[in-house]
Structures are given as structure tokens and as C-alpha cells.
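S.K.: Below you'll find the structure I mean.
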Amino acid sequence: MIRDKAPLILLIEDNEDDVLLTLRALRGLNLLNRVEVVQDGAEAMEFLNCEGKHSSRSSVDLPELVLLDINLPRLNGIEVLKRMKAEANTRAIPVIMLTTSGQEKDVTAAYESGANSYIRKPVESEAFQQAINDLGFYWLAVNTSPPQSR
């Protein structure tokens, strides 16, 4: 498959400060041009399924990577993850849990539900930048993503 667009990352995060920090860190990677941000779990599923206000989106333009917070309004991150892994069109998309929660129950639930990685958001800005650099480099530059059906 020849890619005609830069890789798409879907950032599912309700905290505006965390959105801004993550976007700044992703820009520093120089690996991508496209990041979509949704601020709750229900809208994330609408985005992925091209429903609601995202109904005009192409269903073949799926994210290469999803960065998913756990504590989201309307539909929490674990439920979003379970739904993604249950649907044929989204189950192969790598999902990185990017959250402040370090609770063992959250880590366990994320991995049992199909998360590819679990990263606790560092509070300190430079550590956060490095964490985003590392995950972005691996998942977008090193990792081979599964082909998307066309």
C-alpha cells in the first residue's frame, strides 16, 4: 500500500492541558502531520466508526495509533478499548494508554482489554516530552503496522 497521507494519530483526552502538552511533544517528533483530538469516549467511537459529526470522514482513513486516556466522560477509556478490540475495522490499531492512573486495577484492565502499552503521564514536562518521543518513534517509525483494508 502506498500511503498518500501522513500517518494519523487519534488522541483521546479530556484534559486540555494534557492535550496541549501531548500535541507539543508530537510536533517535536517530526514524524507526522496529522493528529485528531477527541475529548470523550463516545466521540472517539463516533470518530472511529464515522458516525455523528464524523460521518463525512472516510472509513479507510483509520489511525495508525491511538493514544487513550482512561478517565474520560461519557465512555471511559477501558470501554473504548474493549469496543475497539471487538470491532474488525479497529482491532489491529495499536492503542497506547496514556494516563495519570497508576492503579494496578487500571493497568490490569487495560492489558486484559487489549492495550498495546500503558504509559503513566509524567507530571514533569521534560519527562513527558521524552515519553512521547519514545512512544512516537517506536510506534510510527520502527513498528510495522498491519495493512488497512482498502
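The values are calculated or read from the model by the stated rules, or taken from the named source; none is laboratory data. The shown structure was predicted, so the numbers you read here are calculated from the model rather than taken from an experiment. Counting neighbours? That spans all protein chains shown, and the Cβs are built from the backbone with ideal geometry, glycine included. Side chains are part of the model used for accessible areas, which takes the heavy atoms of the whole protein and leaves out ligands, DNA and RNA. Shrake-Rupley method; radii C 1.70, N 1.55, O 1.52, S 1.80 Å.
S.K.: First check a/c for the chain, with a ≥ b ≥ c the square roots of the eigenvalues of its C-alpha gyration tensor; if it is under 1.5, answer rounded, and if not, answer prolate when a/b is larger than b/c or oblate otherwise. Intermediate results must be reported in sequence, preceding the final value.
M.R.: Details: a/c = 1.43, a/b = 1.13, b/c = 1.27.
Because its axes are fairly even, with a/c under 1.5, the chain counts as rounded.
S.K.: Arrange the peptides 8-16, 113-121 so that the one whose residues have, on average, the most other Cβ atoms within 10 Å appears first. Spell out each step's value before the answer.
M.R.: Numbers: 8-16: 20.2, 113-121: 17.3.
So the peptides 8-16, 113-121, ranked by packing, come out 8-16, 113-121.
S.K.: Carbon and sulfur: what percent of region 51-150's accessible surface (1.4 Å probe)? Working shown, then result.
M.R.: Working: 2690 of 5370 Å².
Carbon and sulfur atoms account for 50 percent of the accessible area of region 51-150.
S.K.: Going by the alpha-carbon gyration tensor, a ≥ b ≥ c the square roots of its eigenvalues, is region 85-126 rounded (a/c under 1.5) or, if a/c is not under 1.5, prolate (a/b greater than b/c) versus oblate? Working shown, then result.
M.R.: Details: a/c = 4.10, a/b = 1.73, b/c = 2.37.
Oblate shape, in that a/c is at least 1.5 and b/c is the bigger or equal ratio.
S.K.: I would also like to ask the following. Sorted by mean Cβ packing within 10 Å, highest first, what order do the peptides 104-112, 55-63 take?
M.R.: Details: 104-112: 14.9, 55-63: 13.1.
Answer by packing, highest mean first, reads 104-112, 55-63.
S.K.: Amide H neighbours of residue 69 under 5 Å, counting only residues 5+ apart in sequence or on other chains, H built in-plane at 1.01 Å?
M.R.: Answer set, sorted by chain and number: 12, 98.
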